[in-house]
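J.: Here you go, one structure.
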Amino acid sequence: MEGAATAQALSRIGLAGLAVMGQNLALNIAEKGFPISVYNRTTSKVDETLDRAQNEGQLPLIGQYNPRDFVLSIQRPRSVIILVKAGSPVDQTIAALSEYMEPGDTIIDGGNEWYENTERRIDEASSKGLLYLGMGVSGGEEGARNGPSLMPGGSYGAYTNIRDILEKVAAQVEDGPCVTYIGEGGSGNFVKMVHNGIEYGDMQLISEAYDVLKNAGGLSNSELADIFAEWNRGELESFLVEITADIFNVKDELTGNGELVDKILDKTGMKGTGKWTVQQAAELSIAAPTIAASLDSRYMSGLKDEREEASEIFRKEGLKEEIRSDINGSSLDKKRLIDDVRQALYASKICSYAQGMNLLRAKSSEKGWNLNLGEMARIWKGGCIIRAVFLDRIKKAYQRNRNLANLMVDPEFAREMVQRQAAWRRVVGLAVQKGISVPGMSASLQYFDTYRRSRLPANLVQAQRDYFGAHTYERVDKSGAYHTEWAKLARKAR
């Protein structure tokens, strides 16, 4: 009888780790009508979450204060989401919970974990008969509470156990919820990592657009707010462009003077997923110059003191740092500059997404994950940080041709790149002329220019390699590998 009474009250799912993301995801699950048990090592976090559940609509959320009670309060087969810091905290949490779990139960790690750690944990869990999912969660606090983009990879059985929950909890777009089963192993974490790499590229490109408009175009913050708001009504409509418009409008409350954006130290932090993306690109021999440029820019931003000293040294040598805008009565047409920057930003973004997609495809074929790139674009249309209207077009490009070699050569995107390239070159050229660094836009343009050329100067590099290292070369007119005694023939020629 007691068993029956308990069964009545059992939760549908559990969540351990109640920092902001964990709390918000738990409340989202409860709000969608799934009774949930929550647990945190620091018990005050459990109480805080219970208070929020009361205040946000008396949601069906049950607090637990130790691992045993937590696990036993969930109906079988149990599914437990953990949202703790990546690395050893995840292993510690798994150890504490799995002691009370039974074969057939599932652990879902929702953190930004290195995909190989997930693959190790899948093996460890399966030796105890447990199922495992590594699930990328994107959208920040807001997304976790109201509808994130979810990227679960690992055990398909584990996914089917909680599919109904994930489909309700994820962001909803016109063609379904922003969740799909990604694939085997650590694929969910890998896809989230690449998502973050694309996000680095996006943020860098937007900051360069701002830099050019502000410093070459002389635009004020209120003009910038209007421009980004207008861009967000067109082809650039996206979460990042929308929040950028907001940022320019926020006043500095601390001093009551001007906008807050101008008071923020120009030093970017990072958690590491962007670095992992660039490392993986190098490992897989995939060119990802836009994403790499955004990572380098974050490193350079960290050299604040050195940059200030350098600015002083070059100023003494007669090189002014401030860039005079040419607006007043001179050659620069403000309206045209704004439109050029819009087109350059759009074309550069396509390159960043193309690089991310190529990285996913290369890893998928290496690991046999069979990733569906169109479906990746679809689940990023809502809830996540890189959500953007043009992801729908990316989805359609891969539907038209599942084996598309590069996003840029899809007929629709190819046409747009060609239409925008003149504006793109003008912006990069102007920036170079004025000493405004645009590493992301330049890297994207170089990527485009390299990819569209049928013949590159790599023949000379190959000749050099054969000259000093007898590395051999191939010919354009005959098959096979060739080696030439370059030094001997050059002496003869002299």
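Rule-based calculations on the coordinates, nothing more; no lab input. Remember, predicted model here, so these are calculated numbers, not experimental data. Counting neighbours? That spans all protein chains shown, and the Cβs are built from the backbone with ideal geometry, glycine included.
J.: Give me the extension gain from Asp339 to Glu235: residue separation times 0.36 nm, minus the current Cα-Cα distance, reported in nm with one decimal.
T.: Once the chain is fully extended between Asp339 and Glu235, it gains 36.2 nm.
J.: Okay, moving on. Report, in listed order, any pair from Lys263/Lys334; Lys363/Lys434; Lys168/Lys271; Lys349/Lys478 with a Cα-Cα distance greater than 32 Å.
T.: Lys363/Lys434; Lys349/Lys478
J.: Relative to the first principal axis of the alpha-carbon coordinates of the chain, what is the inclination of helix 273-283, with its axis defined by its Cα atoms, in degrees from 0 to 90 and to the nearest 10?
T.: So the helix axis and the longest Cα principal axis differ by about 60 degrees.
J.: Can I ask one more? Here are some pairs, Lys85/Lys367; Lys85/Lys381; Lys192/Lys367; which of them have Cα atoms lying more than 20 Å apart in this structure?
T.: Over 20 Å Cα-Cα: Lys85/Lys367; Lys85/Lys381.
J.: Pull up the cross-link candidates among the aspartates and glutamates for Lys320, meaning alpha carbon to alpha carbon under 14 Å and not fewer than 8 places away within one chain.
T.: List returned: Glu308, Glu309, Glu312.
J.: Along the charge dipole of the chain, which of Gln58, Leu445, Gly33 sits closest to the positive end, that is, farthest toward it, with unit charges on the beta carbon of Lys, Arg, Asp and Glu (+1, +1, -1, -1)?
T.: Value computed over the given set: Leu445.
J.: Based on the mean of other beta carbon atoms within 10 Å per residue, what is the order of 98-108, 284-294, most packed first?
T.: Put in order of decreasing packing, that is 284-294, 98-108.
J.: In addition: May I ask for the Kirkwood hydrodynamic radius of the range 454-494, worked out over all distinct Cα pairs and given in angstroms to one decimal?
T.: Evaluated on the range 454-494, it is 11.1 Å.
J.: Grab the other residues whose beta carbon is less than 9 angstrom from that of Val173, score K and R as +1, D and E as -1, and report the net.
T.: 0
J.: Let me ask another. In whole Hz and in residue order, list the ³J(HN,Hα) couplings for the range 425-434 that follow from phi through the Karplus curve 6.51 cos²θ - 1.76 cosθ + 1.60, θ = phi - 60°; x for Gly and Pro.
T.: Coupling constants for the range 425-434: 5, 4, 5, 5, x, 4, 4, 4, 4, 9 Hz.
J.: Give, as ranges by residue number, the residues of the range 337-369 whose backbone N falls under 19 Å from the point 7 Å along Cα→Cβ of Arg402.
T.: The answer is 357-369, whose backbone nitrogens lie closer than 19 Å to the label point.
J.: If you count the DSSP beta bridges with both ends in the chain, what percent of them are antiparallel, to the nearest 5?
T.: Taking every DSSP beta bridge with both residues in the chain, the antiparallel ones total about 35 percent.
J.: Among (1) 1.41; (2) 1.07; (3) 1.04, only one was calculated for this model; which label is it, if the read-out is Rg/Rh (Cα atoms, Kirkwood Rh)?
T.: Identified label for the calculated read-out: (3).
J.: What does the convex hull of the alpha-carbon atoms of the range 358-422 project to on average, in nm²?
T.: If I average the Cα hull's projected area over directions, I get 4.9 nm².
J.: Using the Cα centre of the range 1-160 as the reference point, and only Cβ charges (+1 on K/R, -1 on D/E), how large is the resulting charge dipole? Debye, rounded to the nearest 20.
T.: For this selection, approximately 180 debye.
J.: Give the peptides 304-317, 443-456, 374-387, 78-91 in descending order of average Cβ contacts within 10 Å, highest first.
T.: 374-387, 78-91, 443-456, 304-317
J.: For a quick check: with amide H placed at 1.01 Å from N, whose amide H comes under 5 Å from Val38's, ignoring anything fewer than 5 positions away on the same chain?
T.: Leu15, Ile62, Gly63, Gln64
J.: When the label point is put 7 Å from the Cα of Ile247 along its Cα-to-beta-carbon vector, which residues of the range 432-450 have a backbone N closer than 19 Å?
T.: The answer is 436-442.
J.: Let's see if you can work this out: charge +1 on each Lys and Arg Cβ, -1 on each Asp and Glu Cβ, no other charges. What is the dipole magnitude of the range 66-224 about its Cα centre, in debye to the nearest 20?
T.: Here the range 66-224 has a charge dipole of around 440 debye.
J.: State the dimensionless ratio Rg/Rh of the range 328-437 (Rg: radius of gyration of Cα atoms; Rh: Kirkwood radius).
T.: 1.08
J.: Any idea what the alpha-carbon Rg over 2.2 N^0.38 Å comes to for the range 39-98?
T.: For the range 39-98, the normalised Cα radius of gyration is 1.19.
J.: Once you place label points 7 Å from the Cα toward the Cβ at Arg315 and Ala493, how far apart are they in nm?
T.: 5.1 nm
J.: Amide H to amide H, which residues 5 or more places from Ile74 or on other chains are under 5 Å from it, using H placed in the peptide plane?
T.: Ser11
J.: Run lengths n ≥ 4 of DSSP H only: what is the helix-derived mean residue ellipticity at 222 nm for the chain, with -39500 (n - 2.57) per run over all residues, to the nearest 500?
T.: The per-residue figure over the chain is -18000 deg cm²/dmol.
J.: Kirkwood hydrodynamic radius, computed over distinct alpha-carbon pairs, for the range 12-135: how many Å, to one decimal?
T.: 14.3 Å
J.: By DSSP, what percent of the beta bridges with both residues in the range 105-165 are antiparallel, rounded to the nearest 5?
T.: 60 percent
J.: Taking amide hydrogens as modeled 1.01 Å from N in the peptide plane, which residues meet the under 5 Å criterion relative to Thr106, leaving out close sequence neighbours?
T.: Arg78, Ser79, Val80, Leu131
J.: How big is the charge dipole of the chain about its Cα centre, in debye rounded to the nearest 20, if each Lys and Arg gets +1 on its Cβ and each Asp and Glu gets -1 on its Cβ?
T.: 1960 debye
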